[in-house]
Amino acid sequence: MYSFTNFIESFVSVPEEHKQQLQTLINTKQIYKGDSFIDAGQTPQYMAFVQKGLFRYFYTNEEGVEFTKGFFPENRILISYSAILQQRESYFTIQALEDSQIEFISYAKLDNRFSKYSWFNSFIISLIQKAYMIKEDREREFLLMDAEQRYEIFFKRFPGLDKRIKQHMIASYLGITPESLSRIRKKSGLLS
């Protein structure tokens, strides 16, 4: 099974002795459908790697309306990075959409143990760069594209995910109503 260590090594080369040290800091946990890895308002301490399952990041406004920020299937990282860095409450929730298995690690322990090594700093920079590119793409999509174009991009970005996610969550991710999504799906011929 692909692991957190494998994920890190997809970005950088980790010396063997550091891999062994890293393994001592990583724990495995089951998170069941509907449960949270991080709740909005909680000060997060951990980052995680999704070995199996599916998560979503979402914001909730004062009226209880949810706004989906993103979906994170297998082989992705879960983290409320700015909250961890600033030691503050997370603005969003990270929730399991399926029964899931994660490997998790204390960010403070990871940083304390490895921050003096170039491989670790290169890994963190790579993660930040990847997250920034995703954020920039999403902003461009919302500013310059209509809902149908965003829906097409969703299918390319997350092939097969529409079968694993409730339609109202996809609509939230696209910034449209479930009714609008239904019309777009019907028009595109992608109704299942």
Restricting attention to segment 150-164, the residues that are exposed (fewer than 12 other Cβ atoms within 10 Å of the Cβ), of a type outside the set (D, E, K, R) and assigned to a helix (DSSP H, G or I) number exactly 0
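In segment 25-74, how many residues are in a loop (DSSP other than H, G, I, E, B) and free of Cβ contacts under 8 Å to residues at least 40 places away in the same chain? Walk me through it before giving the result.
Of the residues in segment 25-74, the ones in a loop (DSSP other than H, G, I, E, B) are 26, 32-35, 39-45, 53-54, 61-65, 73-74.
Next, from what is left, pick out any that are free of Cβ contacts under 8 Å to residues at least 40 places away in the same chain: 61-65.
Looking only at that region, the number is 5.
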Flagged in segment 63-85 as among the polar types (S, T, N, Q), more than 18 Å from ARG150 (Cβ to Cβ) and surrounded by 15 or more Cβ atoms within 10 Å (Cβ to Cβ), in numbering order, are ASN75, SER80
Checked pairs for segment 112-127, first surrounded by 14 or more Cβ atoms within 10 Å (Cβ to Cβ), second part of a helix (DSSP H, G or I) and among the polar types (S, T, N, Q), C-beta under 7 Å and 6 or more apart or across chains, list as ARG113/GLN21
Residue pairs qualifying under the 7 Å Cβ cut-off, at least six apart or on distinct chains, with the first in segment 76-102 being farther than 26 Å from PHE11 by Cβ and the second being aliphatic (A, V, I, L, M) and in a strand (DSSP E or B), are THR93/ILE38
Item to check | Residue check for ILE134: under 19 Å from the mean Cα position of the chain (by Cα) and crowded, with 16+ Cβ neighbours inside 10 Å | outcome: no
By residue number, the members of segment 165-192 that are surrounded by 14 or more Cβ atoms within 10 Å (Cβ to Cβ) and not in a helix (DSSP H, G or I) are ILE165, GLY175, ILE176
Inside segment 67-82, the number of residues satisfying the requirement of being of a type outside the set (Gly, Ala, Ser) and under 17 Å from GLN42 (Cα atoms) is 3
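FYI, it's all coordinate maths here, none of it is from the lab. Bear in mind that the values here come from a model prediction, so they are computed numbers and not experimental data. Every residue, glycine as well, gets a Cβ built from its backbone with ideal geometry; the counts of neighbours run over all protein chains shown.
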